[in-house]
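Working notes, beginning with the structure itself.
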Amino acid sequence: QVQLVESGGGLVQPGGSLRLSCAASGIILRTSIMGWYRQAPGKQRELVAEISIGGSTQYADSVKGRFTISRDNAKNTGYLQMNSLKPEDTAIYYCSVTYRLGSQWGQGTQVTVSS
């Protein structure tokens, strides 16, 4: 059974940083595509960043240069480093994996950017 557990969310001031973690079990992360998504109140869920099996990355235009997605194969954990946070980054952040047999989502972690 594939399980993803996010952590690292919280309240941060504008300009601050947070690092989200996504601990995976039941799957080897490096054999799947991992993505970070977010959903703000009243808005659709959107892709923030994605890392392929080969390690290539892509980002939403709104976070390019501020967010970095990565993966620690030894810990089987994915990360989203978020710098220069803005109030519009406030949302629930979810990690997701897509693998040969399907896909799975984590439960989400709240990120609030406010002074």
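Just so it is clear, none of the values below were taken in a lab; they were calculated from the coordinates. The shown structure was predicted, so the numbers you read here are calculated from the model rather than taken from an experiment. Neighbour counts are summed over all protein chains in view; Cβ atoms, including those assigned to glycine, are modelled from backbone coordinates with ideal geometry.
Of the residues SER84, GLN3, TRP36, the one whose Cα sits farthest towards the positive end of the charge dipole of the chain is GLN3 (charges of +1 on Lys and Arg Cβ, -1 on Asp and Glu Cβ, taken about the Cα centre). Beta bridges from DSSP with both residues in the chain: antiparallel share about 95 percent, rounded to the nearest 5.
Annotation: segment 49-115 has a Kirkwood hydrodynamic radius of 13.3 angstrom, from the mean reciprocal C-alpha pair distance.
The charge dipole of segment 19-115, taken about its Cα centre with unit charges on the Cβ atoms of Lys, Arg (+1), Asp and Glu (-1) only, comes to about 140 debye. Taking LEU80, LEU11, LEU29 as the candidate residues, the one with maximal mean-square fluctuation in a Gaussian network model of the chain, Cα springs under 10 Å, is LEU11.
Annotation: average projected area of the chain is 6.7 square nanometres, based on the convex hull of Cα atoms across all directions.
The Cα-based radius of gyration of segment 1-61, divided by its Kirkwood radius, gives an Rg/Rh of 0.99. For the peptides 19-25, 54-60, 96-102, 65-71, residues were scored by their other Cβ atoms within 10 Å and the scores averaged per peptide; the highest-first order is 19-25, 65-71, 96-102, 54-60.
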